[in-house]
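The values are calculated or read from the model by the stated rules, or taken from the named source; none is laboratory data. These numbers were taken from a predicted model, which means no experiment stands behind them. All Cβ positions, glycine included, derive from the backbone under ideal geometry; neighbour counts span all protein chains shown.
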Amino acid sequence: MKSNVKPASATQSQDYQFVVSRSSGAEFETDGLREEFVYRDLGLADATHGDFHAHIIKAKHLDGGHNGMHRHHIDLQFLLVLKGWVRFAYVEQGEVLYEQGDAVTVPGNKLHELLDYSEDLELLELTSPAVYQTVRKDGSAMPTPGQKVRIEERTAREK
């Protein structure tokens, strides 16, 4: 049986680094995109020189502000619900509820809004690239959080 999977080029795979992110003693940062969440960087941005980013997102509290409709200037965003549930609204898809074990791949630049989430929410999020701009529906820029600034500084030095 012939496989449709193409092997990665030797050049591509040699550019990426081997990085381990241990859960024991891992710290969650508070300066991510949303103040109601905390974020644990998994080291993928450093390993891929900024091509990808991965982090665990946990709910910190339920009374945070919502960002309204916005879009990320990225190639893709992938979410896997590890615990709890979360509800988003997308311009074309409407409201969608994701529960534990659900995964979604969202193409870049798709207008969306976080509507609601459980107190025990935990998500795995992957993006490409690692650092990107977020823009509100009206076109105004949303501030880049400190976490993304630090990733951009580290990956810029590596290139």
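Each row is one residue, and each column tells you yes or no for (1) under 13 Å from the mean Cα position of the chain (by Cα); (2) of a type in the set (Asp, Glu); (3) exposed (fewer than 15 other Cβ atoms within 10 Å of the Cβ).
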{"position": "103", "(1), (2), (3)": "yes, no, yes"}
{"position": "106", "(1), (2), (3)": "yes, no, no"}
{"position": "112", "(1), (2), (3)": "no, no, no"}
{"position": "140", "(1), (2), (3)": "no, no, yes"}
{"position": "153", "(1), (2), (3)": "no, yes, yes"}
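Looking at region 81-96, is at least one residue closer than 17 Å to residue 43 by Cα and in contact with a Ser or Thr (Cβ under 9 Å, 6 or more places away or on another chain)? Taking every residue of region 81-96 in turn, none turns out to be closer than 17 Å to residue 43 by Cα and in contact with a Ser or Thr (Cβ under 9 Å, 6 or more places away or on another chain). Looking at region 30-48 only, could you name the residues that are modelled with pLDDT of 90 or more and of a type in the set (Val, Ile, Thr)? Result: 38, 48.
Does region 84-96 include one or more residues that are in a strand (DSSP E or B), among the acidic types (Asp, Glu) and touching a strand residue (DSSP E or B) at 6+ places or on another chain (Cβ under 8 Å)?
First, the residues of region 84-96 that are in a strand (DSSP E or B): 85-90, 94-96.
In the following step, the residues that additionally are among the acidic types (Asp, Glu) were identified as 95.
Okay, now just the ones that are also touching a strand residue (DSSP E or B) at 6+ places or on another chain (Cβ under 8 Å), so 95.
For region 84-96, residues in a strand (DSSP E or B), among the acidic types (Asp, Glu) and touching a strand residue (DSSP E or B) at 6+ places or on another chain (Cβ under 8 Å): present.
Selection of region 1-29 for residues being at pLDDT 85 or above, over 19 Å from residue 51 (Cα atoms) and surrounded by fewer than 10 Cβ atoms within 10 Å (Cβ to Cβ) yields 22, 23, 24, 25, 27.
Per-residue answers, yes or no, for (1) of a type outside the set (Lys, Arg); (2) farther than 13 Å from residue 73 by Cβ:
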residue: 111; (1), (2): yes, no
residue: 118; (1), (2): yes, yes
residue: 128; (1), (2): yes, no
residue: 137; (1), (2): no, yes
residue: 150; (1), (2): no, yes
residue: 156; (1), (2): yes, yes
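Is region 123-138 home to any residue that is within 20 Å of residue 38 (Cα to Cα), of a type in the set (A, V, I, L, M), part of a loop (DSSP other than H, G, I, E, B) and modelled with pLDDT under 90? No; the residues of region 123-138 include none that is within 20 Å of residue 38 (Cα to Cα), of a type in the set (A, V, I, L, M), part of a loop (DSSP other than H, G, I, E, B) and modelled with pLDDT under 90.
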